1. Between rounded, prolate and oblate, where does segment 107-146 land on the alpha carbon gyration tensor, with a ≥ b ≥ c its root eigenvalues, rounded for a/c under 1.5, else prolate if a/b exceeds b/c?
2. Could you pull out the pairs from 6/158; 134/214; 15/286 whose alpha carbons sit more than 31 Å apart here?
3. Could you work out how far helix 220-232 tilts from the main Cα principal axis of the chain, as a 0 to 90 degree angle to the nearest 10?
4. Toward the positive end of the charge dipole of segment 179-286, about the Cα centre and with charges on Cβ (Lys, Arg +1; Asp, Glu -1), which of 254, 213, 188 goes farthest?
5. Just to confirm a number: summing +1 for Lys and Arg and -1 for Asp and Glu over residues other than residue 265 whose beta-carbon lies under 13 angstrom from that of residue 265, what do you get?
6. Round to the nearest 10 and give me the degree value, 0 to 90, for the angle of helix 7-19's Cα axis relative to the longest principal axis of the chain.
7. Along the three principal axes, how long is the chain when you take its alpha carbons, biggest first, rounded to the nearest angstrom?
8. Under Stokes-Einstein, with the Kirkwood radius over Cα pairs standing in for Rh, what whole-number D in µm²/s applies to segment 117-193 at 4 °C and 1.567 mPa s?
Amino acid sequence: MEVISKATELQERIKGWKQKGLTVGFVPTMGYLHEGHLSLVRGARKSNDKTAVSIFVNPKQFGPAEDYNVYPRDFNRDAALLEKEGVDLIFYPGVEEMYPAGYKTYVEVEDLENKLCGRSRPGHFRGVCTVVLKLFNLIQPDEAYFGWKDAQQVIILKKMVEDLNLPVKIRPMPLIREEDGLALSSRNIYLNQQERQAALVLYRSLLLAEKMIKNGEREAARIREQMVNLISAEPLARIDYVEIVDLQTLEPLATIEGDALVAVAVYFGRTRLIDNLRFISGVVEK
Ligand code: AMP
């Protein structure tokens, strides 16, 4: 496994792979890896000749009052995990390498970026799209792997790829949870014991939605109300949003008909956690 920090060196290595006709699977991450990340790596490895992972805490996707400076980082641990998974290359650039002084170019996916998480995190998806497009340009992956954990991110990046005719396939992968249902997230480390326990209400609210949908409920307002009631009963939880939206447009739904996304964002103390389930072709995925 090779660790590369310079863009030019990365491009040389990728050129070599491409000249040999090798396919490249790519997994972008912010590091502090867990089983969720590793599931993407395994997916990428299974379908590609070479697997590249980037580790970059992207300052442009954090708001000024957000956790950029304290975001957990442990490169040595991450590298050991990736080595064990048989990853070929880690791209580990510094901020200056990605955004040299005078950097000016950004990517925006209109409308979609202002919904759900975009409302409480203005500029977040502009930062995500910008870094992902840069990484796609550098790595030229055949496939890029993303987790359904960040459902809005998957939908926005698919749109970016479609709109900009990028020659890469977005491969969304299942959301990985702890045994008790909490979605794996690098940010779970911020939770104290009480908050960690309280955070289970996220999954419980999704199970409630699942049960209602399976029992035939299609009125979004009724499902939403029950979810809000359940989450609000947890004293340590402060709701950012609970929404039921169209899986493509992210527009709120009155009635669940086609594919839908049930998405929640809730603060536990200062930590904001997200979770979701998808209702796709009549089947609940969570
Ligand atoms: P991050 O390091 O948070 O930027 O995440 C990198 C990638 O891992 C993104 O595509 C995430 O959606 C994905 N990911 C994070 N947590 C999970 C999880 N619990 N299950 C599946 N994928 C995840």
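1. Working: a/c = 2.89, a/b = 2.31, b/c = 1.25.
Prolate, because a/c is 1.5 or more and a/b exceeds b/c.
2. Numbers: 6/158 27 Å; 134/214 41 Å; 15/286 38 Å.
Going by Cα-Cα distance, 134/214; 15/286 fall outside the 31 Å limit.
3. Helix 220-232 sits at roughly 90 degrees to that axis.
4. Result: 188.
5. On the way: positive: 115, 119, 121, 149, 187, 238, 272; negative: 150, 240, 243, 275.
It works out to a net charge of +3.
6. 80 degrees
7. For the chain, the Cα extents along the three principal axes come out at 55, 39, 38 Å.
8. Working: Rh = 14.0 Å.
Using the Kirkwood radius from Cα pairs, D works out to 92 µm²/s.
Every number in this text was worked out from the coordinates using simple rules, so none of it is lab data. Here the structure is a predicted model, which means the values were calculated and not measured. Every residue, glycine among them, receives a Cβ derived from its backbone with ideal geometry; neighbour counts consider all protein chains shown.
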